[in-house]
1. If you project the alpha carbons of the range 126-199 onto the principal axes, what extent comes out on each, in Å, largest first?
2. What value does the range 2-65 have for Rg/Rh, both radii from Cα atoms and Rh as Kirkwood defines it?
3. Ranked by Cβ crowding within 10 angstrom, fewest neighbours first, how are R201, R235 ordered?
4. Using alpha carbons only, what's the Rg to Rh ratio of the range 215-300 with Rh from Kirkwood?
5. Taking a threshold of 28 Å on the Cα-Cα distance, which of the pairs K245/K294; K166/K292; K245/K297; K150/K297; K29/K197; K180/K258 fall above it?
Amino acid sequence: MKLERLISMIYMLLNNEVLSASALAEKYKVSQRTIYRDIDVICAAGIPVVSYQGVNGGYGIMEAYKMDKSLLGSYDVGSLITILHSMSTVFEDVQALETINKLQTIQTDTHMPSLSMDIGSQRGYNDFLRVIRTAITECCVIRFEYINAKSERTDRTVEPISLMYKYDNWYLYGFCRGRKDYREFKLSRIADLTASKEHFRKHHQAVPPTRHFDRYKREHSTDAVLHFSVDCLARAMDFFYHAAKSFNDDGSLTLTLKMYNSHEVDWLLPVLLSFGDGVEVVEPPELRQQIKAKLEKMINRYPEV
């Protein structure tokens, strides 16, 4: 379309000092005469395009019209471009790509970026992210099956409000009609997601309200001390990167992990069992007993062995 070509051409001119009519014609697969007409349209819109004569001549935009490159440093621009590239990959966001083009007009550092980011999903639910984001934008009700921390399956009808990336996972924040309250849903536990044609009009708070969880954590935490053998170091570091770490003389690792509620214990037990004999729960005694009970229950499943 002509409008898309004109917009693209403006950013091309902003990102380059001089571009010849032949180069522009080749890029957009049109004749040079069409390029001349496009340049006239851009000038009529108030953008000062300058014509340069000579062997290396062509078209460019007056430097005074371009955004002041001192407004943002190369670090600022590079970081923003990195984040937007990741977003555009996950959400196939055309607007993010357009913003990247704008930022590149003031990017002065042409070195390789020192930061790379991929906020997509290795579990393959990028399609979920796109469906949910579209539903948020269009205020459409979504429906899905959800599996909570207790492995209970429930059907949910939700008015989606925002997507959040935290703790290395994507979460949906929305108003659950079944619970008649706001909830956070971990995307990895969502199945059979569909966006309906039903629209909602209720005004919602864009982000979850601040909770007094920090004070609760200080007053209701329990230390779990875990001892990992040498051959389990990598997995232990991956799973418990936020825990306090102490390497022992024999190369083994002792971690001190804070637990705040029973749900964390429910999560921790199967993780610890996945390490087999590579981990020992040192304390608390209650957690040791729970591990022992789980192991006895597993052994009882194989009485004939």
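1. Principal extents (largest minus smallest coordinate, Cα): 31, 26, 21 Å.
2. Details: Rg = 10.7 Å, Rh = 11.6 Å.
Reported Rg/Rh, Kirkwood definition of Rh: 0.92.
3. Values: R201 6, R235 15.
Placing the least packed residue first, the sequence is R201, R235.
4. Values: Rg = 13.0 Å, Rh = 13.5 Å.
Rg/Rh for the range 215-300 comes to 0.97.
5. Numbers: K245/K294 26 Å; K166/K292 33 Å; K245/K297 31 Å; K150/K297 18 Å; K29/K197 40 Å; K180/K258 32 Å.
Beyond 28 Å: K166/K292; K245/K297; K29/K197; K180/K258.
Each reported figure results from applying straightforward, stated rules to the coordinates on display, with no laboratory input. Since the structure is predicted, the reported quantities are computational estimates derived from the model, not experimental observations. Every residue, glycine as well, gets a Cβ built from its backbone with ideal geometry; the counts of neighbours run over all protein chains shown.
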